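The values are calculated or read from the model by the stated rules, or taken from the named source; none is laboratory data. Note that the coordinates shown come from a computational prediction; the quantities given were computed from them, not determined experimentally. Positions of Cβ are generated from backbone atoms using ideal geometry, with glycine treated the same way; all protein chains shown enter the neighbour counts. Just so you know, the surface numbers come from the protein's heavy atoms only, side chains and all, with ligands and any DNA or RNA stripped out. Shrake-Rupley method; radii C 1.70, N 1.55, O 1.52, S 1.80 Å.
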Amino acid sequence: MNNYFRSARTAFWSFAAACFSLASPALAQEEAPKTTPAEILATAPADHWLPIPLNDLLIFTLPDAADGTKRQAVIQLLPASLSGGHVRNVRTFARTRWWDGTKIYRVAKDFVTQFGGNPDAKTLPKGLETVPESEYFNAALGTKRDAEMAALQAAVDYSNQYQGTEIRPLMTMIYENGGAQKVGFGGGWAIGSKTVNGETKYYPLTCRGSLSPAHYDPPDAGTGAEMSVITGEAARSLDTTFGMVGRVIDGLEHLQNLPLGTDGGGFYADKSEYTEIDSIRLASELPLADQPAYQYLASYSPALLQYIEAHGGYGNICTVPVPIRKAAPASPSTDQ
């Protein structure tokens with residue numbers, strides 16, 4: 001009897017070892033290291049990295065920190081073709097150097113950093129436009145988004161079918177929980193749409209890092225003199241109530257990691273707490289040696305979806321920002 005049990009035990013463990021041996025290659029394959037977001041960006045086709053026009057960049061400079069750290073942020077404005085009066089006003093404020101010397105007077109945790117006209121009450125520059133709320137929407141945004149999402153889907157289908165990839169579809173990667181009916185990327189921007197009075201309207205989504213103009217009593221949508229930089233996801237409620245004119249693409253930490261406001265809503269209770277702004281300049285007006293260069297990953301690149309998937313592939317469209325990187329400065333002969 002003992003010999004029988006010894007034989008049975010031997011047979012069992014031999015069978016188990018054989019099963020483990022057969023399963024090992026599959027387990028090894030499953031446990032193979034996944035491609036990191038950085039590796040995906042490094043291998044994206046060079047022609048999928050597109051230049052951000054110099055004329056669309058603002059350089060936001062604060063005084064150096066107490067330890068001597070330079071504090072500068074770079075803001076990308078919505079291009080003229082995808083925006084309206086607010087963005088044109090922002091360019092006017094920057095060209096006339098109106099923001100120089102104005103203050104950051106509100107820092108609300110995980111919500112906004114607010115600066116500009118209030119409390120300085122400076123005389124506004126000439127040539128500003130009166131901007132209606134209707135300009136929060138722009139039909140060209142929808143055209144751009146739909147065309148580039150169709151191109152992305154075609155590229156994904158081709159890669160999956162002919163190149164043996166497993167790139168997941170766009171809406172498997174992202175979903176919307178911020179109020180928009182349909183979302184997608186266009187020109188490197190996150191774009192949403194919703195029905196207003198029976199008509200489909202398109203607008204840029206107010207993701208973290210967005211630049212949003214203050215809004216007064218309707219129909220006064222503000223000039224853009226007072227601005228907020230969005231520092232938290234909760235500000236998606238501002239999508240079409242305050243609008244969006246650009247986004248911080250570099251140096252957001254300098255506008256976010258400031259002392260929190262000591263009064264209600266994150267406003268500073270005392271003017272001595274304000275942070276003065278050194279300057280806000282259009283990058284195209286800087287000396288050539290100081291002009292930055294940036295690129296964004298094209299909205300039609302399958303690498304965009306692979307990048308989102310490498311971060312976990314879940315959340316809303318703002319969860320993983322569109323990749324942007326520094327590039328070599330343009331040569332002096334380049335036409336801006």
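Total residues in the range 106-160 satisfying the condition of being out of contact with any strand residue (DSSP E or B) (no Cβ under 9 Å at 6 or more places or on another chain) and of a type in the set (Asp, Glu): the figure is 5.
Taking every residue in the range 62-90 that is farther than 25 Å from GLY243 by Cα and pairing it with any residue that is open to solvent by less than 10 Å² (accessible area, probe 1.4 Å) and in a strand (DSSP E or B), at least 6 positions away or on another chain, the pairs with Cβ-Cβ distances below 7 Å are ARG71/LEU62.
Residues being more than 20 Å from LEU238 (Cα to Cα), modelled with pLDDT of 95 or more and in contact with a Ser or Thr (Cβ under 7 Å, 6 or more places away or on another chain) are represented in the range 72-89 by at least one member.
Looking only at residues of the range 147-175 that are among the charged types (D, E, K, R) and open to solvent by 40 Å² or more (accessible area, probe 1.4 Å), we find that the one that is modelled with the highest pLDDT is ASP157. Name the residue that is surrounded by the fewest Cβ atoms within 10 Å (Cβ to Cβ), counting only residues in the range 226-252 that are more than 16 Å from the chain's Cα centre (by Cα) and farther than 20 Å from GLY179 by Cα. Here the residue is GLU226.
When the range 51-78 is filtered for residues that are open to solvent by less than 40 Å² (accessible area, probe 1.4 Å), within 22 Å of ALA293 (Cα to Cα) and either among the hydrophobic types (A, V, I, L, M, F, W, C) or touching a His at 6+ places or on another chain (Cβ under 7 Å) (or both), the ones remaining, listed by number, are ILE52, LEU54, LEU57, LEU58, ILE59, PHE60, LEU62, ALA73, VAL74, ILE75, LEU77, LEU78. One residue stands out in the range 271-311 among those that are hydroxyl-bearing (Ser, Thr, Tyr) and under 30 Å from LYS34 (Cβ atoms): the one that is nearest to the chain's Cα centre (by Cα), namely TYR296.
Condition check ((1) on the phi > 0 side of the Ramachandran plot; (2) part of a loop (DSSP other than H, G, I, E, B); (3) without any contact (Cβ under 8 Å) to a residue 24 or more places away in the chain; (4) buried (at least 24 other Cβ atoms within 10 Å of the Cβ)) across all residues:
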{"site": "LYS194", "(1), (2), (3), (4)": "no, no, no, no"}
{"site": "THR200", "(1), (2), (3), (4)": "no, no, no, no"}
{"site": "LEU211", "(1), (2), (3), (4)": "no, no, no, yes"}
{"site": "GLY224", "(1), (2), (3), (4)": "yes, yes, no, yes"}
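Set side by side, the residues GLN163, GLN181 differ, and just one is within 22 Å of ALA140 (Cα to Cα) and without any contact (Cβ under 8 Å) to a residue 24 or more places away in the chain, which is GLN181. Entry remark, the range 266-301: residues being over 29 Å from THR92 (Cα atoms) and surrounded by fewer than 16 Cβ atoms within 10 Å (Cβ to Cβ) number 2 in total. Take the range 253-265 and flag every residue that is closer than 28 Å to ALA180 by Cα and buried (at least 16 other Cβ atoms within 10 Å of the Cβ). LEU255, GLN256 - these are the residues of the range 253-265 that are closer than 28 Å to ALA180 by Cα and buried (at least 16 other Cβ atoms within 10 Å of the Cβ).
Residues that are basic (Lys, Arg), over 29 Å from ARG168 (Cα atoms) and at pLDDT 95 or above occur in the range 271-285; there is at least one. Summed over the range 229-251, the residues that are touching a Lys or Arg at 6+ places or on another chain (Cβ under 8 Å) and on the phi < 0 side of the Ramachandran plot give a count of 7. Within the range 139-160, residues that are without any contact (Cβ under 8 Å) to a residue 24 or more places away in the chain reach partners that are surrounded by fewer than 21 Cβ atoms within 10 Å (Cβ to Cβ) and in a helix (DSSP H, G or I) with beta carbons closer than 9 Å, at six or more positions or on different chains, in the pairs GLN153/LEU170.
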